[in-house]
Structure formats: structure tokens, C-alpha cells
Amino acid sequence: MELHFNVTGERRKALVQVISEITGKLAVYASGAGRSYAIGELMVDKDGVLDYSRHDGFVHPLVTALAERGFPCEPQDGVSPKAGEQPVLCIAMPLEGFTEATLANLERLVASKAGLIKKAVGAEALPIERTENTLRFAWFSTDALPEEIQAYTVFISPLCATAKAQKRVTAVEGVAENEKYAFRCFLLKLGIIGDEYKEARKALLAGLAGDSAWGTKAPS
């Protein structure tokens with residue numbers, strides 16, 4: 001998984017140094033085409049993209065600390081939005097392991113809960129951009145709080161894993177009478193379950209209406 005900071009040159013070196021100070025890990029430069037820095041299990045490439053796919057448990061405090069040190073996440077690709085458009089935060093996942101069939105599963109899985117996902121993450125649309133090596137989810141506001149960014153990354157990873165694991169997904173979106181309950185059930189099916197994901201579930205359900213504990217209404 002990736003976060004984009006859109007820094008190069010000396011600013012990228014400064015970002016790497018700050019990450020090294022925060023994590024207490026030595027930054028190691030890998031010369032060659034990638035020109036990346038490795039800081040423990042974290043990687044920063046030549047374009048200032050932070051890859052934390054092998055260490056996602058630390059992303060919440062890391063994002064908070066980086067923002068406090070002058071390195072907030074940038075909009076997708078670091079490109080300024082066109083007039084009238086809102087900048088977005090992009091989360092990227094490796095394309096590795098996907099087939100055409102499981103990519104179709106992912107599209108249908110998102111479509112089946114599109115209305116709830118949009119409300120949960122504050123998105124107007126849910127595009128999935130396919131590049132040579134990644135899938136890019138440019139769904140999220142750059143004004144998102146660090147705990148919200150953490151929740152979004154927690155959500156995207158099992159979403160992709162579920163698409164890969166299922167043989168077929170039906171893209172039928174039903175009407176949810178109780179949004180919180182319906183989306184909570186969806187999160188649990190994705191494997192976002194247990195105390196370790198409690199705060200992520202709370203953040204993802206915050207913008208939805210209803211009661212997460214009961215399918216219709218609480219018993220009297």
C-alpha cells in the first residue's frame with residue numbers, strides 16, 4: 001500500500017530523514033533505476049511515494065507525525081486539481097496477484113456497496129485506476145484526519161484480498177434501511193473484525209445513518 005507525498009530531490013531526502021527519526025530505523029539508499037530509500041520495512045521511491053505494504057500497522061502514528069513535521073499527504077499524483085474539482089488522496093495497492101477475473105470481482109464488489117462506501121469515505125465517485133504495477137483508489141479527501149486515513153487503508157487492503165479470494169461476485173446493490181448495520185456487516189465479511197480494527201470500523205461507520213448493532217431497530 002502507498003501514500004503519495006510528491007517530493008523529490010532535497011525534499012525527498014528530508015522526508016526520508018524525518019521517517020528515519022520517527023521510526024528509529026536507518027535509511028538505506030538503493031541505487032539503480034528505482035532510486036529508492038529503505039527505512040526498515042518502509043520504502044520511499046524517487047517520486048516521494050511511501051510504500052508501507054509490509055508494515056501497515058505503523059501508518060496511523062507515522063502519518064500523524066509526518067504531517068506535524070511538514071509532510072502531509074498530497075493529492076493523487078501531486079497534481080493540482082482542475083478548476084471546480086476537489087483534490088483527492090490516493091491509496092495504491094499492488095496489481096500483483098490479480099487476474100482479469102479477480103479485477104472484475106473487485107469492480108463488482110465495489111459496485112455492490114457503492115452507495116454505502118461513498119458515504120463512509122466521503123467520495124462522490126469510486127474510480128479504480130489500473131497502472132502498470134498498481135491499482136489506485138483516488139477516493140479520499142486530502143482533508144482526512146490521520147485516523148481516517150488509517151481506516152481507509154485498513155478498508156482497501158481486505159477489499160482487494162476478498163476480490164482475489166472469491167470465485168465470483170454479484171454487482172447488485174440493495175437498499176439499506178439501516179446504513180450502519182449493513183456496512184458493518186460488509187466490513188465483517190471483509191475480515192475487518194476484532195478489537196484491532198475497532199477504531200477503523202468506528203471511523204468508517206461515523207458518516208452513516210442508523211444503528212450498527214441492530215438490523216432494523218433495537219428490541220424494546
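Only the coordinates and a few stated rules stand behind these numbers; no lab work does. What you see is a predicted model, and the numbers here were worked out from it, not measured in a lab. Every residue, glycine as well, gets a Cβ built from its backbone with ideal geometry; the counts of neighbours run over all protein chains shown.
What pairs in 164/198; 25/202; 118/198; 119/198 have C-alpha atoms more than 26 Å from each other?
The answer is 25/202.
In which sequence would 117, 193, 39 go, from the one with the fewest C-beta neighbours within 10 Å to the one with the most?
Fewest-to-most ranking of 117, 193, 39: 193, 117, 39.
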